[in-house]
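This report concerns only the one structure given below.
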């Protein structure tokens with residue numbers, strides 16, 4: 001088992017400098033209190049250069065956690081993407097089939113990262129019913145609760161809680177996932193195109209990217225309704241996946257792109 005200011009670059013004053021992860025946590029906390037923060041203001045507060053704060057903003061924006069704005073960053077406005085409960089009650093038969101097929105991939109004693117989503121919850125239910133002894137690392141509270149009473153050992157990520165998703169995201173989540181190397185990851189996505197999977201929920205893309213980076217075998221669980229859809233943030237390219245588990249084969253264009261990327265298509269019949 002494989003668990004395993006002033007002048008750019010010059011700080012001002014005598015205040016203690018924060019670690020990168022702590023700065024980014026504080027930026028996210030500040031954006032829960034007000035809609036916009038400025039680079040110059042945070043450079044003074046953190047005792048770092050404006051370039052350092054700009055890099056923090058860019059990294060948080062790449063992870064889908066903030067929106068870059070002139071001279072600073074803003075919190076994401078409310079979107080129209082349905083929450084977890086609404087998604088979980090749609091296309092349930094298809095998601096159950098995908099979950100059962102994906103659970104068949106997990107071997108006894110393996111380590112698996114599982115992200116948050118309506119389809120990965122179905123995977124967790126199927127894995128629990130199968131009784132496969134394994135270790136699961138997840139940022140999803142429903143996944144953890146589903147598996148926590150069975151044959152699986154569950155490790156729950158720390159992080160910033162998203163009530164609408166019953167999941168955690170953020171710097172703490174990514175740092176925790178980065179400690180492990182696992183046999184497999186099971187992730188979902190808001191959409192899949194020839195450019196790769198994408199995600200609409202704030203902070204989820206970064207979690208998925210970390211899981212893909214820390215897994216030997218990388219599986220995307222997605223229903224056919226999401227073909228051709230794109231979310232706010234790109235998760236990665238098709239070459240970052242080994243397998244997609246789906247309820248219906250993609251069209252010729254996406255199918256050819258998946259084949260060119262070496263991605264196996266597993267149909268949940």
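The values are calculated or read from the model by the stated rules, or taken from the named source; none is laboratory data. Small disclaimer: the values here were computed from a predicted structure and weren't measured. Heads up, the Cβs are rebuilt from the backbone with ideal geometry, glycines too, and the neighbour counts pull from every protein chain shown.
Here residue 136 fulfils each of the conditions (1) in a loop (DSSP other than H, G, I, E, B); (2) buried (at least 18 other Cβ atoms within 10 Å of the Cβ) apart from (1). Among the numbered conditions (1) within 22 Å of residue 28 (Cβ to Cβ); (2) touching a helix residue (DSSP H, G or I) at 6+ places or on another chain (Cβ under 7 Å), the only one that residue 202 does not meet is (2). Put simply, of 252, 256, 224 the only residue that is closer than 17 Å to residue 120 by Cβ and over 14 Å from the mean Cα position of the chain (by Cα) is 224.
Restricting 189, 249, 206 to those that are part of a loop (DSSP other than H, G, I, E, B) and surrounded by 20 or more Cβ atoms within 10 Å (Cβ to Cβ) reduces the list to 189.
Of the residues making up the stretch 39-68, just one is outside any helix (DSSP H, G or I) and surrounded by fewer than 16 Cβ atoms within 10 Å (Cβ to Cβ), namely 68. Of all residues in the stretch 234-265, those being more than 14 Å from residue 192 (Cβ to Cβ) and touching a strand residue (DSSP E or B) at 6+ places or on another chain (Cβ under 6 Å) number 2. Residues of the stretch 114-125 include none that is more than 28 Å from residue 61 (Cβ to Cβ), part of a loop (DSSP other than H, G, I, E, B), out of contact with any strand residue (DSSP E or B) (no Cβ under 9 Å at 6 or more places or on another chain) and modelled with pLDDT of 90 or more. A single member of 188, 203, 170 is closer than 17 Å to residue 266 by Cβ, in the same structural domain as residue 109 (by TED's automatic domain parsing) and within 10 Å of the chain's Cα centre (by Cα), and it is 188. Just need a number here: residues in the stretch 147-183 that are in a helix (DSSP H, G or I), touching a strand residue (DSSP E or B) at 6+ places or on another chain (Cβ under 9 Å) and crowded, with 20+ Cβ neighbours inside 10 Å. Residues meeting the conditions: 4. For residues that are in a loop (DSSP other than H, G, I, E, B) and exposed (fewer than 15 other Cβ atoms within 10 Å of the Cβ), tally how many sit in the stretch 252-269. Qualifying residue count, the stretch 252-269: 2. All conditions but one from (1) within 21 Å of residue 198 (Cβ to Cβ); (2) surrounded by fewer than 21 Cβ atoms within 10 Å (Cβ to Cβ) apply to residue 115; the one that does not is (2).
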